[in-house]
Amino acid sequence: MDAGQVTRTEVPEAFDEVAERYDLMVGMSPGYHAQLRASADALLDAIPGSAEESLRLLDLGCGSGASTRALVESVRRHAMPGGVRTAGRPAQVLAVDGSAGMLDAARTKAWPSWVGFAQGRAEALADQPELAEARAAGGLDGVLAAYLVRNVPDRDAVLAAIRDELRPGGVLAVHDYSVRGQPAATALWTAMCWAIIIPLGWVTSRNTRLYRYLWRSGLDMDSTAELEARLRRAGFVDVATHHAGGWQRGIVHTVVGRRPAGA
């Protein structure tokens, strides 16, 4: 299937169409996994608390597990001697995605016992039953939302829902493409999509409609200043942006915010 345009509400189903070959596609993107690791590190670095406390983490929009892997590796790095947390600190990671196909791809990989997967849409986060234990314990310590906020029908509502799932002092890291207001980055994004990403989408999956949507959604995504403002409107504080380096400078960014300690 390669007809029509994908809308935000259809993104999970569009990912189902390419799930079997998606890892091959992103593996061809230089820096893709390193950028996710940097965002996971930014999330873990910002989470307060003592080394003896348990970490409750959500990878929202986990896809085929690339962001989950980055989160797992970051937890392990922070547990090393001399790191922020001690080796004995337990962690629980729940990875959620709306695409059944992408979740199937993620589940086939090897994961530590403290990682679990569940299907659900970010718009319905409050209805996610797998978060019941974290809610009973006071909320999540951190949420990584990689390539998610750009794709949801109501960005403000999803950010507010994430805030409600975080414990006071909990942290959100939004990792995504954003070129709005940057003419050079916008031109590079368009050239990269039409010269490389969309043709590779056809080669790897005989499907280009998701990757044509990727191009459009990148243009439509908030500027980093607008995204920071969204986080503040949703009740986040200490909002700051980290920019990717290399050839995707000006294209990939991570915006980090915290739920206020008293809220």
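Please treat every number below as a calculation from the coordinates, not as lab data. This structure is a prediction, so every number in the text was calculated from the model and none was measured. A quick note on method: Cβ atoms are made from the backbone with ideal geometry, for glycine too, and the neighbour counts reach across all protein chains shown.
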Nearest-20 debye value, the chain charge dipole, Cβ charges on Lys, Arg, Asp, Glu: 520
Given charges at Cβ of Lys, Arg, Asp, Glu: the chain dipole, positive-most of G235, Q92, C193: C193
Local electrostatic count at D220 - Lys and Arg +1, Asp and Glu -1, tallied over other residues with Cβ under 10 Å: +3
Using a Förster distance of 22 Å, the FRET efficiency for H243-I196 (Cβ separation, nearest 0.05): 0.55
Cβ-defined net charge surrounding A132, 13 Å radius [Lys, Arg +1; Asp, Glu -1]: -2
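What's the longest piece of the chain with no exposed GluC sites (Glu not before Pro), counting a site as exposed if DSSP puts it in a loop and it has at most 13 other beta carbons within 10 Å?
Numbers: sites that count: E52, E53.
That gives 54-263 as the longest site-free run.
Considering only the other residues whose Cβ falls under 15 Å of the Cβ of G27, what net charge follows from Lys and Arg at +1 and Asp and Glu at -1? Can you show the working numbers first?
Details: positive: R21, R37, R69, K109; negative: E20, D23.
In short, +2.
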Phi to ³J(HN,Hα) by Karplus 6.51 cos²θ - 1.76 cosθ + 1.60 over region 201-211, Hz, x for Gly, Pro: x, 5, 5, 7, 9, 6, 8, 10, 5, 5, 7
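Counting only Cα atoms, I'd like the Rg/Rh figure for the chain, Kirkwood definition for Rh. Each step should come with its number before you reach the end.
Working: Rg = 17.5 Å, Rh = 18.5 Å.
On the Cα set of the chain, Rg over Rh gives 0.95.
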